[in-house]
Amino acid sequence: LGGASDLVTISHASSSAEFSHENEYPLFGRTIPSVEVDATMVVSFFKEELNATHLGVLYVNDPYGISYANSIRKAAGNVNITVVQIALLKNASRQDATSSLMKLERTGIRYIVAVLFQEEL
């Protein structure tokens, strides 16, 4: 919105990786890191501390969850970790979340990152 009016926009809450594209959002800034920074640190922990080679990601299928899951996949690819992702519909039931978690477990993956909100639990 600010960019359309040539106004600088600084967000205190937006962590979406989408806004990190400076060519598309040259007047956007933030006071917190993007999810890409969080995802890189999460992947780094699994690689360096747990020597993980595979990682499961269970995430809510909304802009935040998609951005976080994609950022994990990108960071994991940089350190040769294979990622299996499962998206949950927004407002999924606890049973849906449990079922999806069991699907990840059946793949043999030992480490799982969940990007969910209270309503998905």
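Each reported figure results from applying straightforward, stated rules to the coordinates on display, with no laboratory input. Here the structure is a predicted model, which means the values were calculated and not measured. Reconstructed Cβ throughout: ideal geometry from the backbone, glycine too, with neighbour counts over all protein chains shown.
Some observations on this one:
- Among 97-104, 83-90, sorting by the average number of other beta carbon atoms lying within 10 angstrom of each residue, highest first, gives 83-90, 97-104.
- What the Kirkwood sum gives for region 35-109 is a hydrodynamic radius of 12.7 Å, with every pair of different alpha carbons counted.
- Label-point separation, Asp96 to Thr82 (7 Å along Cα→Cβ), nm: 2.8 nm
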